[in-house]
Each structure stands twice: as C-alpha cells, then as structure tokens.
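The values are calculated or read from the model by the stated rules, or taken from the named source; none is laboratory data. Note that the coordinates shown come from a computational prediction; the quantities given were computed from them, not determined experimentally. As a convention, Cβ positions derive from the backbone with ideal geometry for all residues, glycine included, and neighbour counts pool all protein chains shown. Protein only, heavy atoms only, side chains kept; ligands, DNA and RNA dropped before computing areas. Shrake-Rupley method; radii C 1.70, N 1.55, O 1.52, S 1.80 Å.
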Amino acid sequence: MSTRNKIRHQLPASLVYRIVTSFAIVLLVALCPEHFPGHMTIVSAARPAFSASSSVHSSICAYLDSTQRLYSFGGYIGETSDDAKNAECFQGMISLDLSRAFSVTSPPMTDHGVLEPTNSTRCLALGSSLVLPDGQILIAGGRTVGPGGETPSQAIFRFDPMNATATKIQTAKALVPYRHSLPAAAAVQGSADAMYVIGGGDPLSGENVAWVYSITTGGATNVSGLPGMANVNKNGPEPRKLAALGRVNATHLFLSGGGSGGAPYRNDVWLFDTGNRSWSQFAYTMLNHVDQHRMIIYQDRYWIRVGGYSHDEPSFIVEYYDAVTNVTAKGVIVNPENGPLNVARGCLHLMNSTLVYLGGLDLERKTLVNKDDKNRRSVASIVRLLAIEPDPASSSGLQFRWITSYSPSVTSPSAPKTPSAAPSSAPLAEKSRAMGVGAILGIAAGGLGASILMGAALWKRFRVDELKGASQTTERASESTSFLPAYVEQAPETLPQRRQPSIILSSNNPMPYGQPSLDDPELVLSTVQQ
C-alpha cells in the first residue's frame, strides 16, 4: 500500500481518537469542575489570577457542610505580605477545602472562575451572603468597584456549589446603604431565606443611618419603612457604619461596634429580634471601641471578637465575653510571635475549637492614633488558624494559640453531626481522577464504546452521590434543638426549629465611597486609580 493510501486510511482513526479524547476530558471536567485536574483549577478570565502566593481581603464568604468548603467571592487580591495599596480588584471565586488535612503554608485552595464573566472591569467587595435552605449561596450588598470608582452594589447573585457557577439573578429594587454592617463570620447553613444588613450611609446624603434591610432572592427591602415597623429604630442602636452583624439563633441577630466614617468607634452590642423587629441592648460591652471586626459565639457561651480597627490603646486582636459569668477579658495568645499584631477584613469561620481566618489584612500597629496615620497594611496570608483552648489558670476562661496545621479529624465541621457518608470534595476529587485514568486507558485501547460506557458509569455515580448528598443535607437541616441562651429572652413558641451552630451570616469589611477610607488613609487601590 502506498504512503498516500496509508495516510488516507489512518486519518479517520486519528480523528476518532482525538474526538474521543476530547469527549472524555470535557465529560470529566463538566461533572467535577471543582476537582479536575487537581486541587487547584485555574479558569482563564480577564482578571488577576489566583496563585499559590496570592491572598484576598474584603471578600464575601460562606461555608457549606455539603462540600466542607469555605467559599470566598470577590474582594481584592494581592501577593502575601505585599503592601495593601497594591491590591487589585478581584472578580474570582475561590474556596478552601476543610475536609482535608493541610499546613497553612500549602492550603488546598480551588479557583472556581469569576463571579460575573460578562463584566470584566468591575468586581464586588464587602458585601454579605446567606446560605439558602437549598444549599445555594446568596450574595448581595457591598460595593461595586471598577475604573470609575466605587458605588453601592444593587446586584444579587446566586452561587450553585454543584456546578461551581454564579448567576446574577437580579438588580436589587432598593439601594442598600453604603458601608452597611459587615457579616461577623462566614455564612453557614440555616433555615432563613433572608439576609440582613443594618446601618451604613444614606446613598443620597451620606449621613449615618440605622435602617434595617432584608435581602432575599426577590430583592432588598427597607423593613424600617414598612407599615407597623416604626419600632425598628425605637430604643435601638445609634446610626453607625461598618458594624459586625451575626446570628445568635433563628430569631435574633447581634450587632456590635461600628461607627467609622467620621463618627467615633463604638463598643456596644445589641440584639435584634427579626420577628417583631425590635432592639434590646446586650450585657456585653467590648473592651475596645472597634469596627470592621469579626465575632463568633463559641459553645453557645463565649462571644469572641477578632481583629478590626480601633483608636484604643491598648487594642487587642482577640477578646471574649463569657455570658455565663458575665466577664469580659482580653484574649491571651500564648505564642503571639507566630501571628500578626492585628488583622482586619478577612473571613472568619469556626471549626470546632479552631478559628479559620481566610485572607484579610495584617495591621502592623495595634491602633490608628489618628486618621492621618500612615501605617502600612500588608496583605495577610491566605489562611491562618487560631486554636481556642481552656485557660489553665482559670476555671472558665479561654486562651488562644496560633497553629500551623489543620486536621478535619480534630477540627471537625461546624455541624453537630456530619455522617461519614456525606459527600465531600476530597472523595469526589479522588473519584474524578481515578475514572480519568480508566478513561485514558480505554481510549488507548481504541475504546469509543468504552468511553461511552465510562461516561454512563460516571454519570450514574455522580447522580447517586448527588442524590445521597441532597438526602443527607436535608436530614442535617431537619436536626433541631430547643436550646435558647438564657440571656436572650424570647417566647419558646415563636422560636422556629434550627440547627446548630448559633452563628449564621457572613463576611467582610469596607473602604471608601469614591475616596480612600478614613480608617485606611494609605489604602488606595490600583483599580480605583485606573
């Protein structure tokens, strides 16, 4: 047979081989976009790329039990330890896999692409999030950042963890106040279908307000202006910006600190009843007047404040309040040399007895003496771990320790019970890689038929895992407790069933409205300057 005839006969086989190979790879990526080809999936887009040396701050965060991942959306990206003023607007979606053991020097991060692929010039920062009852994540509020500066965001996004994509579901019907409250911790699974943001600045006048907004998939509503809601601001906190807003239980939120942007920092803590929209001041008064901080409730007893900006001297990176003994104390870190003096604008999540702090800024001084202070802020490491321990010198106190390694067997998920058969990203990643090898061997053997069978088997396994995961998520969501902290007065009959932990709601901290923040005079972002 001539060379020409040989090529003519071999060409179709080559084409079939290429088609089958492409089909197998596309199928695997489509089924498991989070985990292929490894723990870091880089998606090409018109944005700064997330790398092993990158970190983010001012992003929006949520944790999902179904995937055991801490998700981070938007914010600003920079190189770890670099000056924060060099950070860039970040459109990306990333996550930290908390189902795996890891060292803080090499955390298992995954890049999920961009929040809004059709808008390559603007990003979202300092907003809020909510894990909906169906396990998807609602993202709203905050500010839109781009070449023309910053404006209050009216967009609402919905993130689907099954395919790791976000959809812009609508533009909010109401303009949420600028520099509103920041989530005290990463959002976690609950029964609520609405998130709240409180305070901020009037979009028109810029004056501090105490308005309460409810945000759902249908839009944002100023509940302060609803008929019969006149008591929302009655006997409540003074107007403020950048306070921390978190959840105590199914019916109560807490609001702590805040007040920057010309107003003095505050150290009070308030409880907001979402049922009758009424306020009551809580017994806890923070040691520091602070804003842009994080706060969680540990063991339904200890209220732990982490980081934030303060003019106080001294200013503590950690303090806590014991609701049983009514004692407020500085959080003593036994190895302070292993961590920063202070932090701000990161994401906080509690995993059993470990505080996971994702991204943020390292503050090189504990305080800002005045608004003209030119202290350098650096981009923090992408992950820090702060262990909560009993204080050996006290019968009820706490102490803290910076640690460098994480183990899911020790630092278990936040749910009170997570069945061992629950789907997790690590097993899914292993399955996708194992089947990928099988597919390649089948292709090498000339197996178009084998590839089709492999695809069918993969699809079947994927659907079984998906249905199993949905069943177990529903089972976990149905778990409830009648526990209500004694220091929160609420009629039991008005308390919907909920699942622990107490903390819900989520993520971050802000900057200026068209100008650098008064709290960060040196933090001028390159995106705003473009």
- Message: Being more than 20 Å from TYR178 (Cβ to Cβ), modelled with pLDDT of 90 or more and of a type in the set (A, V, I, L, M) is the filter here; which residues of segment 229-249 pass it?
- Response: VAL248
- Task: Mind counting the residues in segment 268-297 that are open to solvent by less than 30 Å² (accessible area, probe 1.4 Å) and either of a type in the set (Lys, Arg) or within 19 Å of the chain's Cα centre (by Cα) (or both)?
- Result: 7
- Considering only segment 51-81, state which residues are among the hydroxyl-bearing types (Ser, Thr, Tyr) and open to solvent by 10 Å² or more (accessible area, probe 1.4 Å). SER51, SER53, SER66, THR67, THR80, SER81
- Note on the structure: Of the residues in segment 364-412 that are of a type in the set (A, V, I, L, M) and at pLDDT below 90, the one that is least open to solvent (accessible area, probe 1.4 Å) is LEU368
- Scan segment 256-267 and give yes if some residue there is open to solvent by 10 Å² or more (accessible area, probe 1.4 Å), modelled with pLDDT under 95 and hydroxyl-bearing (Ser, Thr, Tyr), otherwise no. yes
- Message: Cβ contacts < 7 Å: first residue acidic (Asp, Glu), restricted to segment 97-121; second residue in a loop (DSSP other than H, G, I, E, B) and open to solvent by 50 Å² or more (accessible area, probe 1.4 Å), any location; separation 6+ or different chain. Result?
- Response: ASP97/HIS39; ASP111/MET40; ASP111/ILE42; ASP111/VAL43
- Could you grab me the full set of residues in segment 298-334 that are open to solvent by less than 20 Å² (accessible area, probe 1.4 Å) and of a type in the set (S, T, N, Q)? SER310, SER315
- Message: Could you go through segment 67-77 and let me know if any residue there is part of a loop (DSSP other than H, G, I, E, B), modelled with pLDDT of 95 or more and farther than 16 Å from GLY346 by Cβ.
- Response: yes
- Could you name every one of the strands (runs of 3 or more DSSP E) located completely within segment 249-335 that has at least 1 residues being farther than 22 Å from LEU350 by Cβ? 266-273, 278-290
- Message: Need a quick list: strands (runs of 3 or more DSSP E) entirely within segment 115-199 having at least 1 residues that are more than 23 Å from LEU255 (Cβ to Cβ).
- Response: 123-125, 143-146, 149-152, 155-160, 165-171
- Item | ARG179 being touching a Lys or Arg at 6+ places or on another chain (Cβ under 7 Å), of a type in the set (D, E, K, R) and at pLDDT 85 or above | yes
- Within segment 82-114, the residues that are open to solvent by 30 Å² or more (accessible area, probe 1.4 Å) and outside any strand (DSSP E or B) are ASP82, LYS85, ASN86, ARG100, ALA101, VAL104, THR105, SER106
- Note on the structure: When (1) closer than 19 Å to GLY259 by Cα; (2) within 25 Å of the chain's Cα centre (by Cα) are applied to ASP312, the one that fails is (2)
